[in-house]
Amino acid sequence: MLTRYSLRERAAIGYSRRLMPLPLFGPLDVLVHAVRPFAIHGDMYYELQVTPVNDPGDASALRLANHLLSPPPRAGERLTLTFLMGQVTGARRPG
């Protein structure tokens, strides 16, 4: 699930980059800037603030289910995310 922050929310968290549109399907290499774990009805997720590797001026926040990546994502690492209908369906560490 994609989370769009208002300008006030982005300013409050110190995130001033422009928001990027996420792909409808296919892979995207991203750099993780922040990770926030949270639970929805007992299921664990991570909200990630990311920028694409090929265009670091863009930014977005997205949700990643806990079962898609082990160990949990960390700020500063690079991930390859797979999308289907705009939702993250896969995540892996390149290499």
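The values are calculated or read from the model by the stated rules, or taken from the named source; none is laboratory data. Note that the structure is predicted; figures quoted are calculated from it, not measured. We place every Cβ from the backbone using ideal geometry, glycine too, and count neighbours over all the protein chains shown. These accessible areas exclude ligands, DNA and RNA; they are computed on the full protein's heavy atoms, side chains included. Shrake-Rupley method; radii C 1.70, N 1.55, O 1.52, S 1.80 Å.
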For this session: Working only within the stretch 46-76, note down all residues that are open to solvent by 70 Å² or more (accessible area, probe 1.4 Å) and not in a loop (DSSP other than H, G, I, E, B).
Result: H67
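Filtering the stretch 77-95 down to residues that are farther than 12 Å from V30 by Cβ and not in a strand (DSSP E or B), which residue is most open to solvent (accessible area, probe 1.4 Å)?
Quick first cut of the stretch 77-95, residues farther than 12 Å from V30 by Cβ only: 84-87, 89-90, 95.
Imposing the further condition that a residue be not in a strand (DSSP E or B) reduces the set to 85-86, 95.
Values: M85: 140, G86: 20, G95: 121 Å².
Top of the filtered list is M85.
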